[in-house]
Amino acid sequence: MTIGSQFTALLAACSAGISALPSQIANVRDLSLDIPSALLTNKLYGAPANNFSCQSSRNPVVMLHGLSASREVDLNLLQYELNSRGYCTFSLTYGAHPVPSWIGGLDDMQKSAGQIADFVREVQRGTGAAKVDLVGHSEGAVQSVYVPLTQAGIAGIVEHVVALAPAIHGATYFGFTDLWYIGGDVTRALVGKIIDLVGCPACEQLAPDGLVTDQFAAAKKIVQDGNKVTVVMSKSDTLVPPAVSMIDEPGVKNVYVQTTCPDDEVGHAGLAWDKSVWRLIVNALEETDEEVYPCEKGLPF
Ligand SMILES: *[C@@H]1O[C@H](CO)[C@@H](O)[C@H](O)[C@H]1NC(C)=O
């Protein structure tokens, strides 16, 4: 596909970004919307295939990536880890514009919530499990409580929810490109330019007074009955600080990374790869406080 035809497809398909386009046309000529090849060969890139024949005594786990990320970049390594512990995991790239389809989470979050709800139902039916667990990071963490709150029938089939730094109460700054650090500075810059070009309705919706923030503020109760929610936060997270993530409702566990690993100054993006955090995730899914991983020092950003 040439840049020209991609651009035409983008114009045709992506109404949300159109207002941003005219001034960007000069830039797009130099911008490939294809996935950078350096990423495809990076060992940190790529998630296991969704396998509905997978058998486990535990609930299947649906992984929800953060803003600008995808199923291949973000919780993908945790997914392999959970598989090695006997979990069946499933993931999708939600909220991508038609072009480029490899950068997720940008589109209208209500639309994404519908997409995620369909996927959760598919996982529940496909595996035959009674309940599904959700693990989300950043925007995905927001979706892990937003989807049960807003999508009919989902709260009843979700059991555990683990939300890594959910920007529930309005985030003022987003690490749009931090999750692409695995491809280096060039990839991060490219992803940033593409996001400027195609637009990011989700970015507005997660801001203070954004639609989703307002919906949470208006909800009598964010967490639905029967959902066991753990919010994982780092005191060193400057993008989505704990005050923005915490859910102050009965039954919700709000957990700091530093309570169990005081020397881990992990930042927002780093939550996805940090074993100090993985331990909290596994403990939340298994309803235990057993220490399962030694502490480590996560990425500071
Ligand atoms: C899917 O899971 C089944 C059951 O564990 C296994 O036999 C099969 O090889 C898996 N398929 C893939 C593509 O991994």
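The values are calculated or read from the model by the stated rules, or taken from the named source; none is laboratory data. Everything numeric here is computed off the predicted structure, so don't read it as measured data. With ideal geometry, Cβ positions are generated from the backbone for all residues, glycine too; neighbour counts draw on all protein chains shown.
Annotations for the structure displayed:
- Filter result (buried (at least 19 other Cβ atoms within 10 Å of the Cβ) and in a loop (DSSP other than H, G, I, E, B)) within the range 217-230: 222, 223, 227
- Residue within the range 186-204 that is within 17 Å of residue 241 (Cβ to Cβ) and either modelled with pLDDT of 95 or more or part of a helix (DSSP H, G or I) (or both) present: no
- Any chance residue 138 is over 15 Å from the mean Cα position of the chain (by Cα), away from the ligand (no atom under 16 Å from the Cβ) and either under 26 Å from residue 189 (Cβ atoms) or surrounded by fewer than 19 Cβ atoms within 10 Å (Cβ to Cβ) (or both): no
Every residue, every condition in (1) more than 30 Å from residue 288 (Cα to Cα); (2) within 16 Å of the ligand (Cβ to nearest atom), yes or no:
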| position | (1), (2) |
| --- | --- |
| 74 | no, no |
| 80 | no, yes |
| 108 | yes, no |
| 111 | yes, no |
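- Being small (Gly, Ala, Ser) and more than 14 Å from the ligand (Cβ to nearest atom) is true of residue 95.
Residues are listed down the side, and each one gets a yes or a no for (1) within 16 Å of the ligand (Cβ to nearest atom); (2) of a type outside the set (Val, Ile, Thr); (3) surrounded by 24 or more Cβ atoms within 10 Å (Cβ to Cβ):
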{"site": "61", "(1), (2), (3)": "yes, no, yes"}
{"site": "67", "(1), (2), (3)": "no, yes, yes"}
{"site": "77", "(1), (2), (3)": "no, yes, no"}
{"site": "89", "(1), (2), (3)": "yes, no, yes"}
{"site": "102", "(1), (2), (3)": "no, yes, no"}
{"site": "130", "(1), (2), (3)": "no, yes, no"}
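- Filtered residues of the range 241-251 (kept if among the aliphatic types (A, V, I, L, M) and surrounded by fewer than 19 Cβ atoms within 10 Å (Cβ to Cβ)): 243, 246
- Of the residues screened, residue 214 is not one that is closer than 30 Å to residue 287 by Cα, surrounded by fewer than 19 Cβ atoms within 10 Å (Cβ to Cβ) and free of Cβ contacts under 8 Å to residues at least 12 places away in the same chain.
- Qualifying residue in the range 50-57 (condition: closer than 29 Å to residue 201 by Cα, within 16 Å of the ligand (Cβ to nearest atom) and in contact with a strand residue (DSSP E or B) (Cβ under 9 Å, 6 or more places away or on another chain)): yes
- Single residue of 111, 43 found to be among the charged types (D, E, K, R), at pLDDT below 95 and surrounded by fewer than 24 Cβ atoms within 10 Å (Cβ to Cβ): 43
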